[in-house]
Each structure stands twice: as C-alpha cells, then as structure tokens.
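The values are calculated or read from the model by the stated rules, or taken from the named source; none is laboratory data. The structure displayed is predicted, hence computed values, not measured ones. Quick reminder, even Gly has a Cβ in these numbers, built from the backbone with ideal geometry, and neighbours come from all protein chains shown.
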Amino acid sequence: MKKILKIFIPLLILGALTYQFRSVLFDTQFLPAWNNLKNDLQIFFTNVPCVEPIPYTLGTFDLKFNISQKYFLSAFTEAEAVWEKPMGKNLFSYAPEDSSNDVLKINLIYDYRQQATSKLAELGIIAKDDRASYDMLKAKFTALKAEFIKVENNYNNHVQNFNDRQKTYEKLVEYWNAQGEAPRQEYDKLQTEKSALDAQSSQLEAEKMQIDETINEINALVVVLNRLVITLNLSVEKYNTINVARGESFEEGMYFSNGIIREINIYEFGSRAKLVRVLAHEFGHALDLDHVADPKAIMYKLNQSSNLTLTKADLLALETRCGVK
C-alpha cells in the first residue's frame, strides 16, 4: 500500500497543478515545451525499475563466437529469471521489434578478450576462475616467455647474419656490373650465394611465423591472467603483452547508459553459466543497482563466484530500489 501511495500522491499533485494552470500550459506558445515534458515523463515512468518492465532487444551479434542467436537469447531468459523469480515480478521484457533509443540493447562483441579465450582453447587450455588455473597459466607464461626470449635472440642474430651476407652480395654484384661482366667462375659464385640467400630468407620467414605464433600464445595467456588477477582480487603486478599496447582492464561484460542510449556489451563466452551470470550482473546495473560487498552476490564488483541466485545483499538492494518494505 505504501508503495502505491508513493506513486499515486506525486501523480495526484501533478494532476492538480496541471488543472490549476491549464490555461497557461495549453497556451499555443507553451505546447512544444509541454509535449517535451510529456515525452520525458513517459520515458521516465517506462524506465523506472520495477514500475514497468525494462524493454530490451538484441543489438550487435558477432558470429565469430560460434553460438546461435537462439542460444544467446535463451541466456537472456535465464538471466532475467535470476531477478524476477525472487520478486515474483516481470522486470524485463524482450522487445525484438522495438528500435527506439530508450530500449536496452544487448550486444555480443568479438574482440581481443574472446580471441584470447579461443586461442587457449585451441591449445587445450580451459581456465577456470580459481587459483589453481591462475598458477597453471602463470607457470606456462613464465616458461613460454623464457623460451620466446631465447628464440627471439637467435632470430635477431640470424637476421643480422643474413643482412651482412646480403650487403656483401649486393656489393659484389654492383662491382661486376661496373666492370661490364663477371668472369664465369665469379658469376657461378654469385649465383650460388643468391640461392643460399633465398634459402636463408625462407628460413627466416618460417622462424618469424613461429615467433609470431608464440607471441599470440603469450598474449592470450596475458589477457586471461590479467582477468584472473582481477577476478580473484590478487595483489600482483599486471602482466604485459608483447608488441601490443592495451590500457583497458578486462571486462567480460559492461553496462553503459548516457541517459538516452542504454547498452549491455558482452565480450567473452567461456561457458553457459558464466554468460548467464555476466548478463544477470549487467541486468542488475540496468535496474540501477550498484555493487554490493558480498563476494558471492550477483552484484559483487568481481565475477569470481559461480553462484546464480540472489544473495541477501542482492535482494536487499533490489527491494530498496523497488520500494519494497
């Protein structure tokens, strides 16, 4: 009853004021401003959590994740239920045909985060959100980084040797061209050296490809290690990528709102359970909920738990936001 009064009393006051000043409000010169006010009020009451379901739709959907839209959309339903079942209330509604600005758009975006997860999967490495996975990845990173430094030094020496040989070859070619023609014996030596240089060049390309592959593996390890550092709240220095500058922190998902446009961006898919949990967390932000202190809560700042139900902290935050006593 108190909740109803909280909504009804402001509307009653607004209605009384509208009636009292109707001659002014509906004057022609005030109509544009009045129409804008009506639109703002409509958007406000549509977007207020718990008053009306928040409409959402599918935005960007990147096929490189190798999951279907149907699979992705079904995860939305599970994430909704995390909040709706305890409240016994419809808090979200899927609106596939709604293209208005105020509808919440959910995007699946493929970038370096999913690339890292996919790369490790190719190598047979599935990282869980626990200390054992972190220690395993750290050991692989340390060993691979040491091997990379050794191989890179050898490659640089080989490149230097190739460049020196090529310069000597080019000078000899230039010399004999200036003489008009090289003697047969010298010509054969130059041809032999050219073949050797071509073979060495091919070998360098193969070495470079192997180094690039090692760099990709190291960078994939770095991305996931840095995510685990955040997820597990570890007091360690951030790992650095090789030949790639990234200042952003790892976020599997993110809620964005500027007052007009609202979006949820999902950047990684490792498992169904984690996808649902990330979506549920971002749905919580869409309900205008802040982070809570309970590490097991859906709205905890770090996605370090496997829990898929609301904790007392989550429920209290939601009930407070919805005006439930």
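Do we find a residue being in a loop (DSSP other than H, G, I, E, B), surrounded by 16 or more Cβ atoms within 10 Å (Cβ to Cβ) and within 17 Å of the chain's Cα centre (by Cα) anywhere in segment 87-103? Looking for residues that are in a loop (DSSP other than H, G, I, E, B), surrounded by 16 or more Cβ atoms within 10 Å (Cβ to Cβ) and within 17 Å of the chain's Cα centre (by Cα), one finds none in segment 87-103, hence no. When every residue of segment 264-279 is checked against the conditions, none turns out to be on the phi < 0 side of the Ramachandran plot, more than 18 Å from the chain's Cα centre (by Cα), outside any helix (DSSP H, G or I) and free of Cβ contacts under 8 Å to residues at least 40 places away in the same chain. Inspect all residues belonging to segment 115-124 and state whether any of them is buried (at least 19 other Cβ atoms within 10 Å of the Cβ) and among the small types (G, A, S). For segment 115-124, residues buried (at least 19 other Cβ atoms within 10 Å of the Cβ) and among the small types (G, A, S): present. For the residues F269, F250, F283, the requirement of being of a type in the set (A, V, I, L, M, F, W, C), closer than 26 Å to K64 by Cβ and at pLDDT 90 or above singles out F283. Within segment 215-232, residues that are under 14 Å from A121 (Cα atoms) and assigned by TED's automatic domain parsing to the domain that holds I149 have Cβ atoms under 7 Å from residues that are in a helix (DSSP H, G or I) and among the aromatic types (F, W, Y) in these pairs: I218/F141; I218/F148; L221/F141; V223/Y112, counting only partners at least 6 apart in sequence or on another chain.
Look at segment 111-134: where a residue is under 17 Å from R272 (Cα atoms) and a partner is among the polar types (S, T, N, Q) and modelled with pLDDT under 85, sitting 6+ places away or on another chain with Cβ atoms under 6 Å, you get D129/T231; D129/Q304. Counting only residues that are of a type in the set (D, E, K, R), exposed (fewer than 14 other Cβ atoms within 10 Å of the Cβ) and within 51 Å of the chain's Cα centre (by Cα), segment 156-178 holds 3 of them.
Of all residues in segment 52-86, those satisfying the criterion of being under 21 Å from L308 (Cβ atoms) and part of a strand (DSSP E or B) are I54, Y56. I need a count of the residues in segment 118-143 that are of a type outside the set (A, V, I, L, M) and over 23 Å from the mean Cα position of the chain (by Cα). Total satisfying the criteria: 3. Residue-level check: of (1) out of contact with any Phe, Trp or Tyr (no Cβ under 8 Å at 6 or more places or on another chain); (2) of a type outside the set (G, A, S); (3) surrounded by 12 or more Cβ atoms within 10 Å (Cβ to Cβ), N66 misses just (3).
T46 falls short on exactly one of the conditions (1) surrounded by 14 or more Cβ atoms within 10 Å (Cβ to Cβ); (2) modelled with pLDDT of 75 or more, and that condition is (2). Taken together, S257, S306 contain a single residue that is hydroxyl-bearing (S, T, Y), within 14 Å of T231 (Cβ to Cβ) and either surrounded by 14 or more Cβ atoms within 10 Å (Cβ to Cβ) or in contact with a helix residue (DSSP H, G or I) (Cβ under 9 Å, 6 or more places away or on another chain) (or both), which is S306. Take A220 and tell me if it is surrounded by 13 or more Cβ atoms within 10 Å (Cβ to Cβ) and outside any helix (DSSP H, G or I). It is false that A220 is surrounded by 13 or more Cβ atoms within 10 Å (Cβ to Cβ) and outside any helix (DSSP H, G or I).
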